[in-house]
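The values are calculated or read from the model by the stated rules, or taken from the named source; none is laboratory data. Keep in mind that this is a model prediction, so the values were computed, not measured. In this analysis, Cβ positions are derived from the backbone assuming ideal geometry, glycine residues included, and neighbour counts consider all displayed protein chains. Heads up: the accessible areas ignore ligands, DNA and RNA and are worked out on the full protein's heavy atoms, side chains in. Shrake-Rupley method; radii C 1.70, N 1.55, O 1.52, S 1.80 Å.
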Amino acid sequence: MKRAVFPGSFDPLTMGHLDIIERSLPLFDEIIIAVLNNPEKNPMFSPEERCAMIEEVLGSFDNKGCRLIVESFEGLLVDYVKSKDSYAILRGIRAVSDYEYELRMALMNRKLEPSIETVFLMAAEEYSYVSSRLLKQVFLLGGRVDGLVPELVEQRLRAKNGR
Ligand SMILES: Nc1ncnc2c1ncn2[C@@H]1O[C@H](COP(=O)(O)OP(=O)(O)OP(=O)(O)O)[C@@H](O)[C@H]1O
Ligand SMILES: [Mg+2]
């Protein structure tokens, strides 16, 4: 049973995240999408709202036999991963700029828990500039984000910001 944990803020879920999930379907039997509860980052959506959105989007997603679970978590990632009986952390890499941060995190996590490996996947080039943070900035300034987030997420962005 190969179980991976895909941790992130997912504030909100983007097509980049979905692309990483889709690419990892053939690699694992189960993927836990672990939504970080990070009040200090002043998220736009609460962890419950983020989880609900992801679950709804995945409801109409072809999971190709891979079990997808959505959960929120806090605390040390490696402890959470171990508690789920998993040995793989799934992360996506967009550009070289992601690499340095991801390498540091992966090496620190390896130091903390040598039995856990971090698996990196590259998203499609068309989403390589998409991040939740940039997307929120653009949306809050009145820009269009269609095609960069699932439709449901766009609706929730509108509802949350009175648009
Ligand atoms: N467009 C994308 N292509 C590839 N990987 C991505 C993409 N967007 C996010 N990821 C990856 O998904 C994981 C979770 O990321 P996270 O929740 O921080 O999203 P984010 O878009 O980077 O959000 P933020 O801008 O708030 O940091 C990270 O490994 C991140 O690199
Ligand atoms: Mg990020």
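Taking the conditions exactly as written (more than 16 Å from ligand 2 (Cβ to nearest atom) and open to solvent by 10 Å² or more (accessible area, probe 1.4 Å)), does Lys2 satisfy them or not? For Lys2, the condition - more than 16 Å from ligand 2 (Cβ to nearest atom) and open to solvent by 10 Å² or more (accessible area, probe 1.4 Å) - is met.
Every listed requirement among (1) assigned to a helix (DSSP H, G or I); (2) in contact (Cβ under 8 Å) with a residue 24 or more places away in the chain; (3) more than 28 Å from Arg3 (Cβ to Cβ) is met by Tyr129 save one, (1).
Condition first: open to solvent by 40 Å² or more (accessible area, probe 1.4 Å), touching a residue at least 24 places away in the same chain (Cβ under 8 Å), within 16 Å of ligand 2 (Cβ to nearest atom) and more than 11 Å from the chain's Cα centre (by Cα). Can you find one or more residues in region 30-40 that meet it? Yes, some residue in region 30-40 is open to solvent by 40 Å² or more (accessible area, probe 1.4 Å), touching a residue at least 24 places away in the same chain (Cβ under 8 Å), within 16 Å of ligand 2 (Cβ to nearest atom) and more than 11 Å from the chain's Cα centre (by Cα). All told, Lys41 meets the bar of being over 18 Å from Ala4 (Cα atoms) and among the basic types (Lys, Arg). Each residue in region 84-98 was checked for being more than 8 Å from ligand 1 (Cβ to nearest atom), open to solvent by 50 Å² or more (accessible area, probe 1.4 Å) and either of a type in the set (Phe, Trp, Tyr) or out of contact with any strand residue (DSSP E or B) (no Cβ under 7 Å at 6 or more places or on another chain) (or both), and 3 of them qualify.
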